[in-house]
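Written below as structure tokens is the structure these notes are about.
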């Protein structure tokens with residue numbers, strides 16, 4: 001076997017997963033607990049686990065690879081724990097309270113439905129800059145970019161001095177309509193820089209037009225603040241990862257994943273774009289595998305210890321969300337769309353002694369202390385404990401035997417805290433708990449699918465994440481999906497997905513170009529020139545940034561896009577431009593036609609409404625450069641009998657009764673094999689439960705297809 | 001039913017419980033014995049020994065004193081029979097001109113003193129601001145509420161009034 005050339009690592013809330021890929025796309029995975037205080041520790045343990053699986057040392061691994069991809073939680077934790085930098089803010093006079101007012105929905109965005117209605121629980125997230133370090137400067141640019149009031153420079157200077165005196169570590173500048181005309185932001189930034197220099201202070205200046213020149217000032221403000229607030233520590237974590245990789249012989253720079261699905265170096269100038277990256281990997285991986293096996297209507301489902309993430313890919317197209325919410329801050333950062341509910345194997349179970357009401361979570365036992373059965377000091381029963389009690393998890397083969405599960409202890413505490421309170425036998429109670437979790441996930445999946453307006457029978461379900469296969473049978477039952485697929489590398493699927501991404505930059509700017517339906521060729525060429533100028537400018541910027549990252553210009557592909565709508569509508573549609581430049585009126589007509597095509601696909605043919613005219617709200621460019629990716633290898637189908645993978649029998653509680661289940665080793669299953677339940681298919685990092693009479697078939701790509709009986 | 005320890009309720013009342021924990025309590029069903037725990041915590045916080053029957057403000061309580069029930073401040077000052085408006089026995093500062101209103105609203109627009117005045121009710125014992133009223137000038141002092149103690153204990157708490 002050749003040595004790996006790509007390492008992909010995904011640090012989640014509970015586990016850090018590693019995938020190693022060699023030149024031919026073969027891969028192995030590793031796993032270790034996430035270490036939030038110093039992520040480098042978990043990173044190294046996880047990499048070591050994978051290296052061991054490959055049969056090489058860490059030094060051999062790191063000195064041989066070309067690419068190290070890391071997606072972590074450092075920045076998000078900085079934001080959640082409010083341990084970021086001390087910031088100051090300069091804004092248009094009169095809008096200083098914007099930061100305190102926030103968006104109304106930020107006060108309840110991650111609440112349950114009951115709490116959304118329960119207004120007394122609404123609470124704005126603590127601001128990243130206190131009001132006393134927010135300074136207003138008299139100036140005004142209107143929505144057309146015209147200067148209404150010039151910058152009062154003396155006010156900017158006073159504000160800068162006050163902030164320097166306040167010992168801030170970063171100064172953010174966010175003015176109204178700076179995405180249309182940034183001249184005032186630029187001037188204030190110059191003044192601040194002069195004052196900082198005079199005071200000989202070490203303060204970085206961030207301007208909103210550089211970070212994200214996109215309409216809607218609250219989201220723009222949040223983007224600038226989060227970039228300034230959280231990324232320095234996040235960058236330090238990433239630099240720690242890079243340093244430790246280099247100390248083991250790695251020769252290049254570490255890469256990380258962008259929320260819209262590309263890779264970038266850890267020197268990325270807008271590092272907040274990498275903050276929501278973890279679950280994105282799964283969607284990328286699913287889209288990639290889907291394309292490879294010729295299946296492009298997919299529902300992805302990722303179940304780990306804490307959350308259940310779902311994404312939809314329709315006709316190979318992933319969905320971008322333009323204003324996602326991160327820790328209850330609304331950002332204008334394009335992000336692959338995911339739906340998430342709290343549901344995972346680490347969920348803590350509680351039973352109310354009076355009402356006998358059972359609640360799952362929302363707290364998760366995480367990796368520290370973890371479920372009771374881990375024996376690391378956990379005292380609250382979790383779903384994973386139920387899985388262990390029912391024999392679904394092999395106590396001697398969890399993480400390949402690295403963690404011995406203390407089933408007796410789990411059973412004792414579960415009996416005392418849950419089963420006895422409910423007054424039902426332990427095994428019945430444990431299965432009931434699992435059933436509740438799977439029902440939650442099942443309902444969420446149905447909701448996500450029906451939200452697409454497409455019938456479930458057209459979709460295949462991809463299931464991954466450490467506990468995805470464990471609960472797959474339950475959460476996919478009865479939906480009527482076309483196919484249900486899981487993977488031998490399910491536990492590291494997100495990390496796998498990261499390795500399928502290309503290097504990417506996305507530059508976009510808000511515009512207001514309204515094309516009337518009656519526009520003649522002369523008018524169209526004026527509009528076209530406007531569009532083209534911005535594309536040329538953005539393309540140059542994207543290419544420069546990628547070149548700075550060490551990509552050869554000849555390897556960089558650029559693709560312009562537009563956010564368009566019929567004039568008067570409130571929502572945009574993203575349109576990939578059908579041509580690289582708009583030079584003639586006909587070119588612009590081609591672009592408009594492309595918009596109408598996309599619009600028709602998303603909505604319906606009869607919803608076209610060109611009579612209203614067309615508005616372009618945003619212009620952008622995506623630049624990409626290729627990278628080695630893992631491939632799935634197609635094998636010949638062999639016999640159906642899976643005896644080569646058979647490793648024993650075990651008593652397992654399924655569907656209300658004890659069964660003697662056949663146990664198989666997942667990695668030893670061959671293409672063509674078919675396993676009939678009751679059975680357990682084990683992997684060091686995951687477990688697939690096959691319910692009685694259900695079937696699992698291994699296809700020529702070594703993917704596992706789950707088929708419910710009857 | 002949820003159940004919280006006395007310590008948690010004490011921190012809740014003191015405003016020292018972290019927000020996520022406070023939120024969890026707010027979102028959950030109310031515990032059956034919350035009233036008694038709250039009263040016990042409040043009783044611990046005051047220096048006097050009369051039994052608290054009902055808290056009616058941040059610093060004010062209706063307490064059992066011998067055979068009478070009176071309104072009492074946490075500093076110990078007594079306002080007399082709880083059925084009488086305690087405000088009448090408080091020190092009152094009325095802000096009815098621009099200068100005094102400006103102290104409250106240094107940076108913003110003011111109400112017109114001909115149309116509205118602010119009445120601050122201050123404890124004669126500890127000078128704590130107990131209540132503020134915004135009324136048109138001449139409007140009688142508002143009796144905020146007169147609780148039906150007997151009915152509350154009998155029908156809601158299901159225990160006899162001490």
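Read-outs: derived from the displayed coordinates by stated rules, not from any lab. Model, not experiment: these values are computed from the prediction. Glycine also receives a Cβ, built like all others from the backbone with ideal geometry; neighbour counts cover every protein chain displayed.
Here the convex hull built on the C-alpha positions of region A:84-217 has a volume of 117 cubic angstrom per residue.
Here A:435, B:112, A:179 are placed in order of increasing Cβ neighbour count within 10 Å, fewest first, which gives B:112, A:435, A:179.
Starting from the eigenvalues of the Cα gyration tensor, five times each then square-rooted, give me the equivalent ellipsoid semi-axes of region A:504-625, largest first, whole Å. Don't skip to the answer; put the middle values down first.
Details: eigenvalues 149, 48, 27 Å².
Whole-Å semi-axes of the equivalent ellipsoid: 27, 16, 12.
Taking every C-alpha pair closer than 8 Å and separated by at least 6 residues, the mean separation divided by the residue count of region A:31-110 gives a relative contact order of 20 percent. A Cα-only calculation for region A:319-431 places Rg and Dmax at 17.4, 51 Å. Using the Cβ-Cβ distance between residue A:107 and residue B:134 with R0 set to 30 Å, the FRET efficiency from 1/(1 + (r/R0)^6) comes to roughly 0.70.
Looking at the square roots a ≥ b ≥ c of the eigenvalues of the Cα gyration tensor of region A:47-108, which shape do they give, rounded for a/c under 1.5, prolate if a/b is larger than b/c, or oblate? Each step should come with its number before you reach the end.
Details: a/c = 4.60, a/b = 3.26, b/c = 1.41.
Prolate, because a/c is 1.5 or more and a/b exceeds b/c.
Grouping the Cα pair distances of chain B into 10 Å bins from zero gives a pair-distance distribution of 9, 29, 30, 23, 8, 0 percent in increasing distance order. The angle between the Cα long axis of helix A:426-451 and the longest principal axis of the Cα atoms of chain A comes to about 40 degrees, rounded to the nearest 10.
What ranking of A:70, A:288, A:152 emerges when the number of other C-beta atoms within 10 Å of each C-beta is taken as an exposure proxy, fewest first?
Numbers: A:70 29, A:288 19, A:152 13.
By the 10 Å Cβ count, ascending: A:152, A:288, A:70.
Only alpha carbons enter this Debye calculation for region B:1-45, each as an equal point scatterer, and the log10 of I(q)/I(0) it gives at q = 0.14 Å⁻¹ is -0.29.
Entry note: region A:146-256 has Rg to Rh equal to 1.09, where both radii use alpha-carbon atoms and Rh is the Kirkwood radius.
If the chain between residue A:363 and residue A:323 were fully stretched, how many nm would it gain, using 0.36 nm times the residue separation less the Cα-Cα distance? Provide the component values of the computation, followed by the final result.
Values: separation 40, 0.36 × 40 = 14.40 nm, distance 2.65 nm.
Full-extension gain reported as 11.8 nm.
Ranked from largest, the principal axis spans of the Cα set of region A:643-698 equal 31, 21, 18 Å.
Ranked by the mean number of other Cβ atoms within 10 Å of their residues, highest first, the peptides A:76-85, A:604-613 fall in the order A:76-85, A:604-613.
Distance from the Cα centroid of region A:342-406 to that of region A:413-483 is 16 Å (rounded to whole angstrom). Enter the angle in degrees (range 0 to 90, nearest 10) between the Cα long axis of helix A:585-602 and the first principal axis of the Cα atoms of chain A, meaning the one along which they spread out most. Here the helix axis deviates by roughly 30 degrees.
Suppose we take every Cα in region B:101-162 and form the convex hull; what volume per residue is that in Å³?
Details: hull volume 10.0 nm³, N = 62.
Dividing the Cα hull volume of region B:101-162 by its residues yields 161 Å³.
On a 0 to 90° scale, report how tilted helix A:153-165 is relative to the longest principal axis of chain A, with both axes built from alpha carbons and the result rounded to the nearest 10. Relative to chain A, helix A:153-165 is tipped by roughly 40 degrees.
Size check on chain A: the Cα extents along the three principal axes, sorted descending, read 80, 57, 55 Å.
Within 10 Å of the Cβ of each residue in B:27-35, the mean number of Cβ atoms contributed by other protein chains is 2.
Counting only DSSP beta bridges with both residues in chain A, tell me the antiparallel percent, nearest 5. Please list the in-between numbers first.
On the way: 86 of 119 bridges.
If I count the DSSP bridges inside chain A, around 70 percent turn out antiparallel.
When only alpha carbons are used to place a centre, region A:27-83 and region B:94-162 end up 61 Å from one another. Going from the fewest other Cβ atoms within 10 Å to the most, the residues A:355, B:128, A:318 appear in the order A:355, B:128, A:318.
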